[in-house]
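The values are calculated or read from the model by the stated rules, or taken from the named source; none is laboratory data. Keep in mind the model is a prediction, meaning the values are calculated, not measured. A quick note on method: Cβ atoms are made from the backbone with ideal geometry, for glycine too, and the neighbour counts reach across all protein chains shown.
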Amino acid sequence: MSLPRWSQMWRVFGRIGVLSFGGPAAQIALMHRELVETRDWLSEQEYLRALSLCMLLPGPEAMQLATYAGWRLRGTAGGLLAGLLFVIPGAMVIALLALLYASYGQLPLVQAAFLGIKAAVIVVVFQALLKVARKALVGPQGWVLAGLSFLALFVFDTPFPLIIVAAGAWGMWRAGQTTASAPPAPVAFSPARVVALWGSLWAAPLLLVWALDADFMLQLGLFFSKLAVVTFGGAYAVLGYMTQTVVSDLGWITTEQMIDALGLAETTPGPLILVTEFVALLAGFAQSGLSGAIAAGMLALWVTFTPCFLWIFLAGPYLDRLSAQPRLTAGLTAITAAVVGVIANLALWFALHVLFEDVGSAQKIAVPIPVWSSLNTTALMLTGFATVLMIALRIGFVPAMILLAICGIAIPLF
């Protein structure tokens with residue numbers, strides 16, 4: 001493996017950050033081409049072990065994979081550089097889009113365009129469901145866990161973290177007591193120092209807003225901090241939990257704004273979990289205007305991604321040991337299967353709220369029930385067209401979204 005110069009690190013990881021469209025699968029493939037195939041910076045085995053580690057950790061796996069690669073190449077500074085370059089381009093675009101949306105999103109023309117984008121989002125989430133299901137549901141246990149996870153969310157509105165903990169515990173228990181030998185951690189590594197440093201950085205803005213008695217900002221920071229701990233299985237898995245909380249429980253944004261947030265996050269480079277920044281910007285704008293939006297967006301970014309650096313810098317030196325633990329692998333497998341049910345719930349929830357103007361819920365249980373007379377035929381046509389474009393013709397999300405937005409504007413005119 002050749003050690004890259006800093007100028008090369010800036011150029012390569014900057015290119016990865018700017019071109020990281022298409023979700024985790026496309027981002028992981030892009031990094032493989034840049035770091036393994038094009039340059040001899042990581043071997044195939046090193047890359048695959050790193051990917052396995054990032055799948056074990058909470059948070060966006062592609063961003064953490066970039067951070068690990070940078071850390072492996074040039075230490076902590078390299079990890080910071082790679083991770084920040086992966087996030088910052090998309091974060092800047094999201095901030096601009098969110099502020100424009102907050103100012104002009106309610107215009108009829110904009111709403112018509114967003115109906116087309118929402119139709120594309122339904123298909124994107126469905127595609128994500130299929131991709132995860134093909135990898136995760138390899139046996140009867142996977143199907144059972146996915147089904148129970150879906151019922152727990154869709155019917156009983158069970159908290160997402162509880163589902164993750166229960167699935168992981170079940171998988172580890174089923175694995176039994178078998179352990180594999182693993183090399184010891186590096187002697188020079190100080191886990192306590194890493195936890196103290198990055199834990200302090202994580203907590204610093206939360207302590208600041210607490211000292212300033214800013215209740216909304218503290219609530220926002222604590223919620224997105226909790227989200228950073230339970231984000232197993234990718235952004236799609238946690239979106240249902242986030243939607244439930246920010247829309248139904250806290251009332252920060254509306255259902256329509258949440259769906260629009262996901263649609264815009266899909267169009268930008270960087271990890272999809274940047275949707276947290278979009279949600280925080282809208283919530284902050286509603287609370288305190290432009291200044292509140294900027295402060296909320298920055299706080300959401302900080303508490304979402306600072307933990308990612310903590311997980312990588314803490315777990316990276318233990319990579320060989322972690323990847324050799326069968327119980328951890330079994331726990332991750334069970335969580336991934338449960339995530340299929342979580343994404344299925346998200347897909348159905350989005351589809352119902354896009355296709356129907358009125359969605360209620362049954363008494364005593366949380367099942368969303370659409371009012372069939374409120375079916376939006378325009379949304380139904382656009383969703384059918386999105387299915388043809390993205391599944392039958394395999395057109396990418398961004399060009400399909402643009403075409404669907406144009407159709408969303410044109411259909412009411414005719």
| request: Name, by its number, the condition in (1) in contact with a helix residue (DSSP H, G or I) (Cβ under 6 Å, 6 or more places away or on another chain); (2) modelled with pLDDT of 90 or more that does not hold for residue 204. | output: (1)
| task | Could you figure out which of (1) over 19 Å from residue 275 (Cβ atoms); (2) surrounded by fewer than 24 Cβ atoms within 10 Å (Cβ to Cβ) isn't true of residue 102? | result | (1)
| request: Run down 7, 103 and say which single residue is out of contact with any Asp or Glu (no Cβ under 7 Å at 6 or more places or on another chain), of a type in the set (Ser, Thr, Tyr), farther than 30 Å from residue 407 by Cβ and part of a helix (DSSP H, G or I). | output: 7
| Quick one: would you say residue 68 is hydroxyl-bearing (Ser, Thr, Tyr) and over 30 Å from residue 36 (Cβ atoms)? | no
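To keep it simple, each residue is scored yes or no on (1) over 27 Å from residue 20 (Cβ atoms); (2) in contact with a Pro (Cβ under 9 Å, 6 or more places away or on another chain).
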position: 350; (1), (2): no, no
position: 360; (1), (2): yes, yes
position: 376; (1), (2): yes, no
position: 385; (1), (2): yes, no
position: 399; (1), (2): no, no
| message | Residue pairs, Cβ under 6 Å, 6 or more apart or interchain, first in the range 63-88 and on the phi < 0 side of the Ramachandran plot, second in a helix (DSSP H, G or I) and of a type in the set (Ser, Thr, Tyr). List them. | response | 79/67; 82/67; 83/67
| field | Output for the range 34-64, where each listed residue is under 18 Å from the mean Cα position of the chain (by Cα), modelled with pLDDT under 90 and part of a helix (DSSP H, G or I) | value | 51, 52, 53, 54, 55, 56, 61, 62
| task | State whether the residues of the range 159-167 include one that is at pLDDT below 85, over 19 Å from residue 330 (Cα atoms) and not acidic (Asp, Glu). | result | yes
| Could you list, in sequence order, the residues of the range 348-359 that are surrounded by 19 or more Cβ atoms within 10 Å (Cβ to Cβ) and modelled with pLDDT of 80 or more? | 348, 351, 354, 355, 356
| Given (1) aromatic (Phe, Trp, Tyr); (2) surrounded by fewer than 18 Cβ atoms within 10 Å (Cβ to Cβ); (3) modelled with pLDDT under 85, where does residue 143 come up short, assuming only one miss? | (3)
| query | Mind checking whether some residue in the range 123-138 is of a type outside the set (Asp, Glu) and outside any helix (DSSP H, G or I)? | reply | yes
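Can you pull out every residue in the range 118-158 that is among the charged types (D, E, K, R) and in contact with a Phe, Trp or Tyr (Cβ under 9 Å, 6 or more places away or on another chain)?
Residues of the range 118-158 among the charged types (D, E, K, R): 118, 131, 134-135, 157.
Result: 118, single match.
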| request: Evaluate the following for residue 270: is it of a type in the set (Gly, Ala, Ser), over 30 Å from residue 166 (Cβ atoms), in contact with a helix residue (DSSP H, G or I) (Cβ under 7 Å, 6 or more places away or on another chain) and at pLDDT below 85? | output: yes
| message | Checking the condition under 20 Å from the mean Cα position of the chain (by Cα), among the hydrophobic types (A, V, I, L, M, F, W, C) and at pLDDT 80 or above, which residue from 338, 400, 315 passes? | response | 338
| With (1) under 30 Å from residue 18 (Cβ atoms); (2) hydrophobic (A, V, I, L, M, F, W, C); (3) in contact with a strand residue (DSSP E or B) (Cβ under 9 Å, 6 or more places away or on another chain) as the list, and residue 371 as the residue in question, which single condition is left unmet? | (1)
